[in-house]
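Notes for the one structure printed next.
Read the figures in this text as sums done on the coordinates, not as results from a lab. Since this is a predicted model, take the numbers as computed values, not measurements. Glycine gets a Cβ as well: all are built from the backbone with ideal geometry, and neighbour counts include every protein chain shown.
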């Protein structure tokens with residue numbers, strides 16, 4: 001009698017997304033912002049956001065069960081103040097720092113970068129939608145913070161599911177429980 005291995009379609013789809021869609025999003029995201037990064041007038045903004053990213057990456061907020069960095073606030077502020085190109089720049093700097101510190105292989109760098117770029121694209125879409133609807137910026141920002149948080153957490157959870165085979169919903173609930181209020185507070189303050 002031969003045992004057949006059960007095929008988990010959810011895991012296969014998650015694997016495809018993390019191994020192919022996230023890296024493709026990283027490459028497309030980088031290519032799409034290159035023209036903005038080359039503009040001389042943006043050098044000062046890029047310099048400031050490089051410093052903010054370094055500071056945000058190395059200034060963790062410690063709590064009872066977790067440590068989070070301030071860099072998501074830097075990424076979101078760049079998106080709201082200047083656009084997608086600043087957010088992508090900040091994420092690239094952060095990922096490069098973390099890749100260097102933790103000696104990440106390229107096969108992990110691109111999915112991490114792509115996951116965050118997809119988050120930036122989704123939030124940018126909603127930001128544009130809210131501006132078309134002429135919502136006041138105060139309300140727009142208050143809507144975009146939880147959108148950023150939920151999209152970023154969902155995509156990070158998808159990566160955890162694909163890599164470690166921990167059920168998506170369990171991981172998502174744990175991530176929401178473990179640091180959601182502190183994360184949202186940091187985003188509002190940032």
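Some values worked out for this structure:
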{"read-out": "Any hit, region 62-69, residues being under 26 Å from residue 142 (Cβ atoms), touching a helix residue (DSSP H, G or I) at 6+ places or on another chain (Cβ under 6 Å), touching a residue at least 60 places away in the same chain (Cβ under 8 Å) and crowded, with 17+ Cβ neighbours inside 10 Å", "value": "no"}
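Let's see how each residue does on (1) without any contact (Cβ under 8 Å) to a residue 12 or more places away in the chain; (2) surrounded by 15 or more Cβ atoms within 10 Å (Cβ to Cβ):
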{"site": "156", "(1), (2)": "no, yes"}
{"site": "163", "(1), (2)": "no, no"}
{"site": "171", "(1), (2)": "no, yes"}
{"site": "174", "(1), (2)": "yes, no"}
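Here's the yes/no breakdown for (1) under 24 Å from residue 178 (Cα atoms); (2) in contact with a helix residue (DSSP H, G or I) (Cβ under 6 Å, 6 or more places away or on another chain); (3) surrounded by fewer than 18 Cβ atoms within 10 Å (Cβ to Cβ):
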site	(1), (2), (3)
47	no, no, yes
56	yes, yes, no
74	yes, yes, no
81	no, no, yes
85	no, yes, no
99	no, yes, yes
116	yes, yes, no
119	yes, yes, no
129	no, no, yes
